[in-house]
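Worksheet for the structure shown next.
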Amino acid sequence: MYLTLVFLPLISALVAFFVRFIGNKYAAYICTSLLGFTFILSIKSFYYIALLQNSCYIQTLPWLFGENLIVFWGFLFDSVTCTMLIVVTSISFLVHFYSIEYMGSDPHLGRFMSYLSFFTFFMLILVTADNMVQMFVGWEGVGLCSYLLINFFFNRIQANKAALKAMVMNRIGDFGLSLGIMALFYVCKSLDYHVIFSSILLFVDNSFYFFNIKINLITCICLLLFIGAVGKSAQIGLHTWLPDAMEGPTPVSALIHAATMVTAGVFLIIRCSFLFEFSETALDILTILGALTAFFAATTGLLQNDAKRVIAYSTCSQLGYMVFVCGISGYSTSLFHLANHAFFKALLFLTAGSLIHAVHDEQDFRKMGGLAYILPFSYSMLLVGSLSLTGFPFLTGFYSKDMILELTFSTYLIKGTFAYILGVLSAFCTAFYSFRLIFWAFLAKPNGYKHTYSHASESNFFITFPLGVLALASIFVGYLFRDMFIGVGTSFWNNSIFILPENNFVLESEFIPVYNKLTPVVFSFGGLIIAFCFYNFLIKKIFIVKIFYIKFYTFLNKRWYFDKIYNEFIALPIISFGYKITFKFIDRGILEIFGPTGLITNFTYLSKNISSIQSGLMYHYLFIILLGITITLFTVIVIIQKMLYVSTNLVLIFILAVIGSSLKN
């Protein structure tokens, strides 16, 4: 059953390759059906492994054999894996189902379905792997599929740029991850999880030199692994690819942002909790960087005007929450928020796709307005997803998001307070831009073209069914699974997550002051109320705000100038260096002169010039002979002088004496 679960998406992807024999529609139906079976098997494995507490380990074919490196194709099924399986397969199945209609008119529907299935397959390889090498295969596989899916409309230049940007940014993170994997092998002489996690206690106090800097061994490994997570989960610094990934079709955005790609980095941190727990420095960096990511993305989303881009920045912000709670050892809470976030974020993206589909592919929500009466179902779905995202009481997002902030406050550490403050401010911004999107798209006065409104209508069953299912999940999942996932004393994780006793703040979070527990909810309501008042009663005064705060507005609208900094201070100098130095000076200069082609050309030119010396005149030949003798004599004198350390005059007298005796004889 378990291997079938993993390889059904691969079979689905291969079936779609034969689309020319079976047709686009049949390929889409077959792929969706196989993903449905995969989801059913995931539920069954969740029951047997997570609920009945029976972990499963499967070792199959041998793969790599070296002197010390032995890697098998192995699969590990525990509570963490089965939770991820439910998230990945459920969202993937619904996205496949949604794509049947959304991409139905595209002539390359079969290829699109194949890419989606490959995406799911590599994500399943990543989460079920029992060793770092196999995990890295899935890690690189989802990166490849993201490139193919973002660049699905390959005739669009912006899609090409976005796909390349995603690939390059992720390669920076992958370089750090590969170094971390090498360091683990250097230390533990194995890359299997059970060997690494069981032997790491032997190296807690060890240090080694990295770039000539003495650093704790575990800290160095954790930071290298975290660099990989920064690239994949779009933390601040390597986050710029995430908003640009919106160039792909909307189902791709839903799959990347909800269940695959961006969750891989958070999953890696949770899986390696056995390592991170022994590095206080790495945990501090996780907390600070995650909090900064949450705040940065939330403030940036305030003034974006593309519907999908706003939701993308909310993804970046929520990933920051997941990372900084890992920094205070709240791995189970992070995974709980990851699962909850997958449902309401998929709902937001798919609803945005239905909305964009209805208004003739218009993504700027300022050109919409008044759609609440025309598209009531989409309005309801976007409202449910947005309220769950903002942490509205008793919806799914409330149970995990507020728990994250309670945990950070209960640490009573500087890093925890820092993360708590930025997390609360981010909650305020999230509520503000969520209502801003709803207002401009559905409640404001119509601001689009007449023919857009005359043809706008709700989508059919293939689009509305996934939205309804995800809406139910966005309402009830948090309530149903809260005690199981993050309840005090729960045994659900069954040693698949490791937390040192002194780092476990779950019990303390139950006894923090009530006003600190209510602060995130108050700030979220404050964001909703301020946005409601601002856009309902002060809508005509917006231009005044822009005039007086134009620099602040531009700063947020231009995404904190990260792209400008990267382009002007990193990309342009590198391009200039590549053209002026490596191309013009080295390639076209040194290598062309002293390389094989250059040497042959120069010798040919020199031989032609030497041949012109043969003039046929005797005094020319005598001059060349005397010049040669002089140069030879001078060279011999210098060599003898350097070797014997004698005077030049003595060497000259000796040479003349030798020449004179030879002439006499």
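Being surrounded by fewer than 20 Cβ atoms within 10 Å (Cβ to Cβ), in contact with a helix residue (DSSP H, G or I) (Cβ under 7 Å, 6 or more places away or on another chain) and at negative phi is true for just one of Val137, Val127, Val95. Which residue is that? Testing whether each residue is surrounded by fewer than 20 Cβ atoms within 10 Å (Cβ to Cβ), in contact with a helix residue (DSSP H, G or I) (Cβ under 7 Å, 6 or more places away or on another chain) and at negative phi leaves just Val137. On the given criteria, is Tyr553 touching a helix residue (DSSP H, G or I) at 6+ places or on another chain (Cβ under 6 Å), at pLDDT 70 or above and closer than 26 Å to Ala312 by Cα? Considered against the rule, which asks whether it is touching a helix residue (DSSP H, G or I) at 6+ places or on another chain (Cβ under 6 Å), at pLDDT 70 or above and closer than 26 Å to Ala312 by Cα, Tyr553 comes out as yes. Within the stretch 29-50, is there a residue that is loosely packed, with under 14 Cβ neighbours inside 10 Å and modelled with pLDDT under 90? No, there is no match, as no residue in the stretch 29-50 is loosely packed, with under 14 Cβ neighbours inside 10 Å and modelled with pLDDT under 90.
Please determine whether any residue of the stretch 271-288 is at pLDDT 90 or above, in contact with a helix residue (DSSP H, G or I) (Cβ under 7 Å, 6 or more places away or on another chain), closer than 27 Å to Ala352 by Cα and not in a loop (DSSP other than H, G, I, E, B). No. Check whether at least one residue in the stretch 70-77 is assigned to a loop (DSSP other than H, G, I, E, B), surrounded by fewer than 24 Cβ atoms within 10 Å (Cβ to Cβ), in contact (Cβ under 8 Å) with a residue 12 or more places away in the chain and over 25 Å from the mean Cα position of the chain (by Cα), and report yes or no. Within the stretch 70-77, none of the residues are assigned to a loop (DSSP other than H, G, I, E, B), surrounded by fewer than 24 Cβ atoms within 10 Å (Cβ to Cβ), in contact (Cβ under 8 Å) with a residue 12 or more places away in the chain and over 25 Å from the mean Cα position of the chain (by Cα). Residues that are out of contact with any Cys (no Cβ under 8 Å at 6 or more places or on another chain) and either free of Cβ contacts under 8 Å to residues at least 24 places away in the same chain or crowded, with 21+ Cβ neighbours inside 10 Å (or both) within the stretch 204-215 comprise Asp205, Asn206, Ser207, Tyr209, Phe211, Asn212, Ile213, Lys214, Ile215, listed in sequence order. The criterion of at least 1 residues that are within 20 Å of Val252 (Cα to Cα) is met, among helices (runs of 4 or more DSSP H) falling completely within the stretch 106-215, by 109-128, 132-150, 157-188.
Within the stretch 82-102, identify whether any single residue is in the same structural domain as Leu255 (by TED's automatic domain parsing) and in contact with a Lys or Arg (Cβ under 6 Å, 6 or more places away or on another chain), and answer yes or no. No, the stretch 82-102 has no match at all. Out of everything in the stretch 225-265 that is of a type in the set (S, T, N, Q) and touching a Gly at 6+ places or on another chain (Cβ under 9 Å), what residue ends up being nearest to Ser317 (Cα to Cα)? This residue is Gln235.
Only a single criterion out of (1) more than 24 Å from Phe485 (Cα to Cα); (2) out of contact with any Pro (no Cβ under 6 Å at 6 or more places or on another chain) is not satisfied by Ser117, namely (2). Of the residues in the stretch 46-65, at least one is in a helix (DSSP H, G or I) and either under 24 Å from Val262 (Cα atoms) or under 28 Å from the mean Cα position of the chain (by Cα) (or both). Note on the stretch 550-608: residues that are of a type outside the set (Phe, Trp, Tyr) and either in contact (Cβ under 8 Å) with a residue 60 or more places away in the chain or not in a helix (DSSP H, G or I) (or both) total 6.
The rows are residues; the columns are (1) touching a Cys at 6+ places or on another chain (Cβ under 8 Å); (2) assigned by TED's automatic domain parsing to the domain that holds His194; (3) closer than 21 Å to Phe119 by Cβ.
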site: Ala13; (1), (2), (3): yes, yes, yes
site: Phe18; (1), (2), (3): no, yes, yes
site: Phe21; (1), (2), (3): no, yes, no
site: Ile30; (1), (2), (3): no, yes, yes
site: Leu41; (1), (2), (3): no, yes, yes
site: Ala50; (1), (2), (3): yes, yes, no
site: Tyr57; (1), (2), (3): no, yes, no
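Across the stretch 400-416, the number of residues qualifying as over 26 Å from the mean Cα position of the chain (by Cα) and under 17 Å from Val514 (Cβ atoms) comes to 4. Just to be sure, is Glu101 touching a helix residue (DSSP H, G or I) at 6+ places or on another chain (Cβ under 8 Å), assigned to a helix (DSSP H, G or I), among the acidic types (Asp, Glu) and at pLDDT 90 or above? No; evaluated as a whole, the condition is false for this residue.
Output yes when any residue across the stretch 429-451 is in contact (Cβ under 8 Å) with a residue 24 or more places away in the chain and within 16 Å of Leu518 (Cβ to Cβ), and no when none is. Among the residues of the stretch 429-451, at least one is in contact (Cβ under 8 Å) with a residue 24 or more places away in the chain and within 16 Å of Leu518 (Cβ to Cβ), which makes the answer yes. For the stretch 445-461, the tally of residues that are assigned to a loop (DSSP other than H, G, I, E, B), within 35 Å of the chain's Cα centre (by Cα) and either of a type in the set (S, T, N, Q) or farther than 18 Å from Asp361 by Cβ (or both) stands at 2. Restricting Ser426, Ser354, Ser388, Ser380 to those that are modelled with pLDDT under 90 and in the same structural domain as Leu283 (by TED's automatic domain parsing) reduces the list to Ser354. Looking at the structure I just gave you, is Asn170 more than 22 Å from Ile497 (Cα to Cα) and without any contact (Cβ under 8 Å) to a residue 40 or more places away in the chain? No: the conditions fail for Asn170. Of (1) more than 24 Å from Ser334 (Cβ to Cβ); (2) surrounded by 14 or more Cβ atoms within 10 Å (Cβ to Cβ); (3) not β-branched (Val, Ile, Thr), Trp493 satisfies all except one. Which? Result: Trp493 passes all but (1).
Residues in the stretch 297-349 that are surrounded by 24 or more Cβ atoms within 10 Å (Cβ to Cβ) and outside any helix (DSSP H, G or I) were compared, and the one that is nearest to the chain's Cα centre (by Cα) is Gly327.
The values are calculated or read from the model by the stated rules, or taken from the named source; none is laboratory data. The model shown is predicted, which means the values in this text are computed figures rather than measured ones. Every residue, glycine as well, gets a Cβ built from its backbone with ideal geometry; the counts of neighbours run over all protein chains shown.
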